[in-house]
Amino acid sequence: MPLSVVILAAGQGKRMHSDLPKVLQPLGGGTLLEHVLRTATRLNPAAMYVVYGHGGEQVVNMFKQLPVQWVLQAEQLGTGHALMQALPQIPDEHDVLVLYGDVPMLRQKTLEALVASAQRGELAILTANLSNSTGYGRILRDAAGEVRGVVEEKDATPEQRRLKEASTGPLAAHAASLRGWLKNIGNDNAQKEYYLPDVIGLAVKDGTLVTAILAETEEEVAGVNDRRQLAAAERALRRQSAEALMQRGVTLRDPERIDLRGDLQCGRDVLIDINCIFEGRVRLGNHVRIGPNVLMRDCELGDDTEVFANCVLENAVVGARARIGPFARIRPETLLADEVHIGNFVEVKQSRLGRGTKANHLAYLGDAEIGKQVNVGAGTITCNYDGVNKHRTVIGDDAFIGSNSSLVAPVTVGAGATIGAGSVISKDAPAGELTLERAEQRTVKGWKRPKKQQ
Ligand code: UD1
Ligand code: CA
């Protein structure tokens with residue numbers, strides 16, 4: 001039967017104390033809801049519904065491009081009520097998988113097991129034996145060990161609260177069955193809400209087989225209601241991605257101290273030192289080495305390139321055998337060819353540097369087109385901004401830019417040109433010649449330093 005997935009995401013998330021709707025809280029470079037949507041998509045459902053409410057427009061706008069049907073729950077009257085808003089749109093013969101927008105770490109395999117059980121006409125629920133089940137609904141079983149229902153924490157007796165088996169939220173059943181049960185749930189409970197887990201008791205009553213699938217790890221089913229749980233989910237995700245990287249042959253100096261907030265692909269024998277953050281889409285070639293405290297976002301690095309400590313690279317493409325840092329900043333739309341060296345306190349923005357070019361110390365290269373084997377001396381600045389517009393600096397192959405030069409763009413330095421140290425170059429410098437702009441040095445003979453007056 002076709003599958004419909006419904007994701008409940010209308011809650012405000014009071015326990016977050018945030019202006020952001022809970023399902024838009026950040027996790028692993030995305031948002032909570034993004035993780036749930038991604039896993040749901042892998043099930044190839046016929047349709048996906050997201051029930052939204054709090055921060056409505058913000059939530060819808062963020063996922064506009066996804067094939068999702070948005071269902072407004074204007075008033076948040078509970079998870080059962082939330083599902084009721086989506087059900088009228090789902091044909092009777094569909095299997096329905098209900099997910100909670102704040103349970104982001106579920107694995108595809110687990111969800112497939114829930115769906116398979118629903119396809120057999122059962123009500124499938126996901127439970128977990130938690131070391132600390134505070135806040136979760138507790139599974140009630142009879143003497144024979146059969147599931148009888150769920151009691152929410154706030155409605156539970158002290159004895160029930162001691163139960164370790166928790167209801168983790170997700171469930172699956174035929175659309176027609178859910179429709180029937182939901183008609184009969186009430187809100188006579190501690191929170192005056194229509195609880196979705198109440199369908200479990202109703203299913204038991206009408207003789208539907210309730211299958212409790214026990215989650216393999218606590219991590220997978222963790223709900224995110226407050227900042228502590230958000231941090232715990234982030235930590236778990238971090239550990240998972242670090243383990244996956246090591247499995248694929250990457251050396252992590254400390255797998256506890258790496259943050260992956262996107263998609264990192266590595267070649268063979270890549271080494272990553274501690275406290276590095278990778279965001280967006282990062283590609284590292286074979287034998288790349290990344291020093292400690294490096295932040296990299298949307299970058300591509302060629303084979304054998306090395307990034308030393310404390311660098312920030314963003315939206316850059318770097319060739320093979322390049323050396324960057326320590327303390328370098330590579331800003332968006334920068335292309336560094338093979339064997340480029342960028343040293344400490346060098347900032348490069350929207351520039352291309354040709355093969356073997358070096359800027360080893362203290363420089364700003366912005367909007368520049370720099371050829372091969374150029375030597376950029378310490379303190380060189382491209383003055384690319386006249387206060388209104390940006391202009392380009394062009395430097396030919398083999399040029400030598402003396403230290404502390406200002407290149408006032410638009411300006412061209414020809415191939416093989418030499419610029420004398422300390423020059424302010426505001427006119428084009430011809431190829432192969434020495435150009436300098438500097439007051440002549442003089443010595444005042446016999447000059448004496450003033451003496452302290454008595
Ligand atoms: C819920 C379950 C609890 C389970 C726990 C697992 C209920 C009543 N309780 O509790 O049994 O152990 O999850 O994490 O279902 N939502 C709506 N509309 C609403 C209310 C909630 O869309 O009117 C959404 C929220 O945005 C959230 C999800 O449903 O994504 C769960 O709501 P939440 O208030 O966090 O429920 P819990 O107290 O965690
Ligand atoms: Ca929750």
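The values are calculated or read from the model by the stated rules, or taken from the named source; none is laboratory data. Because the structure is a prediction, the values reported are computed rather than measured. So basically every Cβ, Gly included, is an ideal-geometry build from the backbone, and we count neighbours across all protein chains shown.
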Please specify each residue of region 131-150 satisfying the condition of being within 32 Å of the chain's Cα centre (by Cα), crowded, with 19+ Cβ neighbours inside 10 Å, within 29 Å of Ser4 (Cβ to Cβ) and not aromatic (Phe, Trp, Tyr). Gly137
Regarding Ala232, is this residue within 19 Å of Val103 (Cβ to Cβ), within 16 Å of ligand 2 (Cβ to nearest atom) and under 32 Å from the mean Cα position of the chain (by Cα)? yes
Among Gly319, Gly354, Gly285, the single one that is closer than 24 Å to Ala409 by Cβ and assigned by TED's automatic domain parsing to the domain that holds Ile395 is Gly354
Residues of region 96-134 that turn out to be closer than 12 Å to Gly169 by Cα and either within 16 Å of ligand 2 (Cβ to nearest atom) or charged (D, E, K, R) (or both), as a count: 12
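Rundown of residues vs (1) of a type outside the set (Val, Ile, Thr); (2) over 23 Å from Asn187 (Cβ atoms); (3) out of contact with any strand residue (DSSP E or B) (no Cβ under 9 Å at 6 or more places or on another chain), yes/no style:
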| site | (1), (2), (3) |
| --- | --- |
| Leu8 | yes, no, no |
| Arg15 | yes, no, yes |
| Gln25 | yes, yes, no |
| His35 | yes, yes, no |
| Ala40 | yes, yes, no |
| Ala46 | yes, yes, no |
| Val51 | no, no, no |
| Gln65 | yes, yes, yes |
State whether one or more residues within region 117-124 are part of a strand (DSSP E or B) and either modelled with pLDDT of 95 or more or surrounded by fewer than 18 Cβ atoms within 10 Å (Cβ to Cβ) (or both). yes
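Given the condition under 22 Å from Gly343 (Cβ atoms) and crowded, with 17+ Cβ neighbours inside 10 Å, answer yes or no: does some residue in region 427-450 qualify? Let's see the steps before the verdict.
First, the residues of region 427-450 that are under 22 Å from Gly343 (Cβ atoms): none.
Checked against the condition, which is being under 22 Å from Gly343 (Cβ atoms) and crowded, with 17+ Cβ neighbours inside 10 Å, region 427-450 yields no hits at all.
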Do we have Leu178 as surrounded by 19 or more Cβ atoms within 10 Å (Cβ to Cβ) and within 18 Å of Leu99 (Cβ to Cβ) here? yes
When region 323-361 is examined, which residues are found to be over 25 Å from Lys390 (Cα atoms) and either buried (at least 24 other Cβ atoms within 10 Å of the Cβ) or acidic (Asp, Glu) (or both)? Ile324, Gly325, Asp338, Glu339
Do the conditions hold for Ser167, that is, is it under 34 Å from the mean Cα position of the chain (by Cα), within 16 Å of ligand 2 (Cβ to nearest atom) and part of a loop (DSSP other than H, G, I, E, B)? no
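Quick one: in region 350-364, of everything that is touching an Asp or Glu at 6+ places or on another chain (Cβ under 7 Å) and assigned to a strand (DSSP E or B), which residue is nearest to Gly416 (Cα to Cα)? Don't jump to the end; show me each part of the working.
Let us first name the residues in region 350-364 that are touching an Asp or Glu at 6+ places or on another chain (Cβ under 7 Å), namely 350-352, 354-356, 364.
So of that shortlist, the ones also assigned to a strand (DSSP E or B) come out as 352, 364.
On the way: Arg352: 18, Tyr364: 21 Å.
Residue satisfying both the conditions and the ranking: Arg352.
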So, in region 1-28, exactly how many residues are hydrophobic (A, V, I, L, M, F, W, C), under 24 Å from Gln89 (Cα atoms) and more than 10 Å from ligand 1 (Cβ to nearest atom)? 3
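Taking the conditions exactly as written (in contact (Cβ under 8 Å) with a residue 24 or more places away in the chain, more than 16 Å from ligand 2 (Cβ to nearest atom) and within 17 Å of Val23 (Cβ to Cβ)), does Ala86 satisfy them or not? First the steps, then the outcome.
Working: in contact (Cβ under 8 Å) with a residue 24 or more places away in the chain: yes; more than 16 Å from ligand 2 (Cβ to nearest atom): yes; within 17 Å of Val23 (Cβ to Cβ): yes.
For Ala86, the condition - in contact (Cβ under 8 Å) with a residue 24 or more places away in the chain, more than 16 Å from ligand 2 (Cβ to nearest atom) and within 17 Å of Val23 (Cβ to Cβ) - is met.
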Could you pull out the residue among Arg162, Arg179 that is touching a residue at least 60 places away in the same chain (Cβ under 8 Å) and away from ligand 1 (no atom under 15 Å from the Cβ)? Arg179
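Take the conditions over 25 Å from Ser426 (Cβ atoms), crowded, with 19+ Cβ neighbours inside 10 Å and modelled with pLDDT of 95 or more and apply them to Val288. Does it pass?
Details: over 25 Å from Ser426 (Cβ atoms): yes; crowded, with 19+ Cβ neighbours inside 10 Å: yes; modelled with pLDDT of 95 or more: yes.
Yes: the conditions hold for Val288.
Conditions tested, residue by residue: (1) closer than 25 Å to Asn44 by Cβ; (2) touching a helix residue (DSSP H, G or I) at 6+ places or on another chain (Cβ under 6 Å).
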residue: Arg120; (1), (2): yes, no
residue: Thr157; (1), (2): no, no
residue: Arg161; (1), (2): no, no
residue: Thr168; (1), (2): yes, yes
residue: Leu171; (1), (2): yes, no
residue: Asn184; (1), (2): no, yes
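Can you spot a residue in region 386-394 that is farther than 21 Å from Leu434 by Cβ, in contact (Cβ under 8 Å) with a residue 24 or more places away in the chain and assigned to a strand (DSSP E or B)?
First pass over region 386-394, keeping only residues farther than 21 Å from Leu434 by Cβ: 386-392.
Imposing the further condition that a residue be in contact (Cβ under 8 Å) with a residue 24 or more places away in the chain reduces the set to 390-392.
If we keep only those that are assigned to a strand (DSSP E or B) too, we end up with 390.
Checking region 386-394: at least one residue is farther than 21 Å from Leu434 by Cβ, in contact (Cβ under 8 Å) with a residue 24 or more places away in the chain and assigned to a strand (DSSP E or B).
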Any residue at all in region 11-24 that is in contact with a Lys or Arg (Cβ under 9 Å, 6 or more places away or on another chain), within 12 Å of ligand 2 (Cβ to nearest atom), basic (Lys, Arg) and over 27 Å from Leu87 (Cβ atoms)? yes
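Yes/no per residue for (1) at pLDDT 95 or above; (2) touching a strand residue (DSSP E or B) at 6+ places or on another chain (Cβ under 9 Å):
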{"position": "Ile395", "(1), (2)": "yes, yes"}
{"position": "Ala399", "(1), (2)": "yes, yes"}
{"position": "Ser405", "(1), (2)": "yes, yes"}
{"position": "Gly420", "(1), (2)": "yes, yes"}
{"position": "Thr435", "(1), (2)": "yes, yes"}
{"position": "Glu440", "(1), (2)": "no, no"}
{"position": "Val444", "(1), (2)": "yes, no"}
